[in-house]
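The block underneath contains the structure these notes are about, expressed in structure tokens.
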Amino acid sequence: MSYYEIAKECFVDELNLDSYVELPSSVRAYEEMEMAFEKPFKMMLLYGEPGTGKSLLLKRLYEKKKYQKEIHFIESPLLNEEEFFRKIFNILIQKPMPKGTKVDFNTFVEYCKVIKGQREIIILLDEAQLYPKKILEEIRILSDTGVLRFVIVVHKTTDEDVIAKSHFKTRIWGAVELKNASKSELKTYIHQRLLRYNQFEIANQIKQKNIDFIYKVTKGNFRACSKLMYTTFEIYQYYEKHDPSQFSRDKFSQKFLEMAAIAIGAIHV
Ligand SMILES: Nc1ncnc2c1ncn2[C@@H]1O[C@H](COP(=O)(O)OP(=O)(O)OP(=O)(O)O)[C@@H](O)[C@H]1O
Ligand SMILES: [Mg+2]
């Protein structure tokens, strides 16, 4: 693999705990969630703009807590009641729901009453903004039993957009917001992601001037930043193959960075 290809791979947008970078804001959000877990919450809300690291935070919580607590991570939304019932059945009974079984929602509620005090189950629900209203209502009823506790994750693009927040207003025990990174966090993020794959040279070549530009066009959003870096190294790869005279191996190319920003639509010309 070429040098730039490896650098590119450092910025693939996936939920991989190996590429987790410890940043002050990520640590703070994790600790807030962790503290909440020790309290008798029914529902917790984790929210923030797309690309601020909510899913990765959930994944970390899940991986770290799964040996101490009964905890489940529902990554992709359950869009119909049948799927949802199947999942809840599986979580409560700890066996898959037999094919052809018809379950009445109230059975779950009654079952929760039976096991109350014996089990406490945390469900991490990612992408909650995509759930149909009916299921959200059932989640609220289940959380009221005190047996199933939900961490509801929603992305917001505007303040009014936190649908779950208004829907569950009275049940939400606490809310944690993830925000875009600060400029210094973004710098750490970029360097650390490169260092994960031993890209010391490139990491050292990225200077404050480059960081200033990256921060300006991405506003500190992790996903936008990864996309920008990925595209920059893709441009490097192209020129390495077709016209290596266009860049120096000793200095990070601000020009390629700007080309990448235009390519991903982060700046307009
Ligand atoms: N602290 C971090 N360290 C390393 N990578 C991170 C960190 N936070 C976020 N990322 C990366 O940023 C990208 C976006 O994160 P993630 O998918 O968790 O965002 P999200 O808030 O769930 O977005 P959406 O609302 O669109 O679902 C992912 O590739 C993720 O791995
Ligand atoms: Mg997500």
Being within 16 Å of ligand 1 (Cβ to nearest atom), in contact (Cβ under 8 Å) with a residue 40 or more places away in the chain and under 20 Å from residue 135 (Cβ atoms) narrows 25, 19, 76 down to just 76
Within the stretch 56-71, of all residues that are surrounded by fewer than 21 Cβ atoms within 10 Å (Cβ to Cβ) and in a helix (DSSP H, G or I), the one nearest to ligand 1 (Cβ to nearest atom) is 56
The correct count of residues that are more than 23 Å from the chain's Cα centre (by Cα) and under 22 Å from residue 129 (Cα atoms) in the stretch 81-99 is 4
In the set 76, 26, the lone residue that is of a type in the set (Gly, Ala, Ser), within 16 Å of ligand 2 (Cβ to nearest atom), buried (at least 18 other Cβ atoms within 10 Å of the Cβ) and at negative phi is 26
- Task: Could you tell me whether the stretch 24-31 includes any residue that is over 15 Å from residue 151 (Cα atoms) and in contact with a strand residue (DSSP E or B) (Cβ under 7 Å, 6 or more places away or on another chain)?
- Result: no
Considering residues that are over 10 Å from the mean Cα position of the chain (by Cα) and within 12 Å of ligand 2 (Cβ to nearest atom), the number found within the stretch 50-72 is 0
Pairing a residue in the stretch 47-60 that is free of Cβ contacts under 8 Å to residues at least 40 places away in the same chain with any residue that is part of a helix (DSSP H, G or I) and more than 9 Å from ligand 2 (Cβ to nearest atom), where Cβ atoms lie under 7 Å and the two sit 6 or more apart in sequence or on different chains, gives none
Within the stretch 120-134, residues away from ligand 2 (no atom under 16 Å from the Cβ) and modelled with pLDDT under 95 come out as 120, 132, 133, 134
Residue 51 meets each of (1) touching a Lys or Arg at 6+ places or on another chain (Cβ under 9 Å); (2) assigned to a loop (DSSP other than H, G, I, E, B); (3) modelled with pLDDT under 95 with one exception, condition (3)
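The values are calculated or read from the model by the stated rules, or taken from the named source; none is laboratory data. The model shown is predicted, which means the values in this text are computed figures rather than measured ones. Backbone-built Cβ (ideal geometry, glycine too); neighbour counts: all protein chains shown.
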